[in-house]
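Just below is one structure, and these are the notes that go with it.
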Amino acid sequence: MILKKFAFVSDFDGTLTDRDFYHIVIDTYLQEWGMQFYEDWKKTKKINVEFLNKILGAIGRTEEEILTEIHRIPLDEYAVDFIHRVQKAGGEFYILSAGTSYYIDRLLAHRQIEGVKVISMDGVYKDGGIEITPDERSPYFSEIFGINKAKVVEDLKKEFETVFFAGDSEPDLGAAKEADVAFAKKDLKELLSKEQQEFVPFEKFKEVEKYLEDRGWLA
């Protein structure tokens, strides 16, 4: 089997975007209780599907209003150009998210970003909010985060000569450890450091682009 050249896999919330969508929802619609709920939850539990469904399910708006908010999700200012550079160099770009394709697919369509493969969980509009629906039959199902990112990267390494991964938080840890090269920001930097795992720190995708340019991955 001939392996394809390379894949670049990126987390979505807080990595490809400047802010997690659930933080946007809290700030915009749930100021009275959302932030306190978030702080209390973090003290004893992981940010998981149960948490996301409580927050996203409480938006209390029409689907059209939620779509408008999705369209405003702020991408890293270099993200779109970076995706195009990866594709032009013969790489495949993946978004791997423990959120939901409900808002990822809609934002990609709005920004006219094509050719990106999204691996995430399904979501539906329900009772004024968004409900994430993990697929328990999926080989990538995780009871904690809904999706096992490490297993996804492990399988991609069977298809590609090199797999790069970029992430920012705990659900990304396993995938970062599996990847050939991991790019880390925010909490993921500390988590990888604690486990003495190598990574490339970054804040913006312009830095990732330069790293790959310097090593001949991007023409």
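The values are calculated or read from the model by the stated rules, or taken from the named source; none is laboratory data. These numbers come from a predicted model, not from an experiment. Quick reminder, even Gly has a Cβ in these numbers, built from the backbone with ideal geometry, and neighbours come from all protein chains shown. The area values use the complete protein model at the heavy-atom level, side chains included, leaving out ligands, DNA and RNA. Shrake-Rupley method; radii C 1.70, N 1.55, O 1.52, S 1.80 Å.
Considering only residues in region 75-133 that are open to solvent by 10 Å² or more (accessible area, probe 1.4 Å), among the hydrophobic types (A, V, I, L, M, F, W, C) and out of contact with any Ser or Thr (no Cβ under 7 Å at 6 or more places or on another chain), the one that is nearest to LYS206 (Cα to Cα) turns out to be VAL80. Cβ separations smaller than 8 Å between residues 6+ apart or across chains give the following pairs from region 155-175 residues that are touching a residue at least 24 places away in the same chain (Cβ under 8 Å) and farther than 19 Å from PHE82 by Cα to residues that are open to solvent by less than 10 Å² (accessible area, probe 1.4 Å) and polar (S, T, N, Q): ASP172/THR15. Show the residue pairs meeting these rules: Cβ distance below 6 Å; 6+ apart or different chains; first residue within region 85-102 and without any contact (Cβ under 8 Å) to a residue 24 or more places away in the chain and under 19 Å from PRO171 (Cβ atoms); second residue open to solvent by 10 Å² or more (accessible area, probe 1.4 Å) and in a strand (DSSP E or B). Note: pairs meeting the criteria are SER101/VAL118; SER101/SER120. Enumerate the pairs (first residue in region 32-52 and farther than 17 Å from PRO171 by Cβ; second residue anywhere and open to solvent by less than 100 Å² (accessible area, probe 1.4 Å)) with beta-carbon separation below 6 Å, excluding pairs fewer than 6 apart on the same chain, so at least 6 apart or on different chains. Hits for this filter: GLY34/ILE26; MET35/ILE26.
Considering only residues that are in a helix (DSSP H, G or I) and of a type in the set (D, E, K, R), look in region 1-60 and name the one that is nearest to the chain's Cα centre (by Cα). Restricting to residues being in a helix (DSSP H, G or I) and of a type in the set (D, E, K, R), the top hit is ASP13.
Of all residues in region 113-137, those satisfying the criterion of being assigned to a loop (DSSP other than H, G, I, E, B) and more than 18 Å from the chain's Cα centre (by Cα) are ASP127, GLY128, GLU136, ARG137. Assessment of region 58-77 against the conditions (in contact (Cβ under 8 Å) with a residue 40 or more places away in the chain, at positive phi and out of contact with any Pro (no Cβ under 6 Å at 6 or more places or on another chain)) yields at least one matching residue.
Would you be able to say whether some residue in region 47-54 is under 30 Å from ALA219 (Cβ atoms) and either at pLDDT below 95 or surrounded by fewer than 21 Cβ atoms within 10 Å (Cβ to Cβ) (or both)? Can you show your working first?
Of all residues in region 47-54, those under 30 Å from ALA219 (Cβ atoms) come to none.
Within region 47-54 (the criterion being under 30 Å from ALA219 (Cβ atoms) and either at pLDDT below 95 or surrounded by fewer than 21 Cβ atoms within 10 Å (Cβ to Cβ) (or both)), the answer is no, since none of the residues qualifies.
Do we have any residue at all in region 77-98 that's more than 21 Å from the chain's Cα centre (by Cα) and in a helix (DSSP H, G or I)? Yes - at least one qualifying residue is present in region 77-98.
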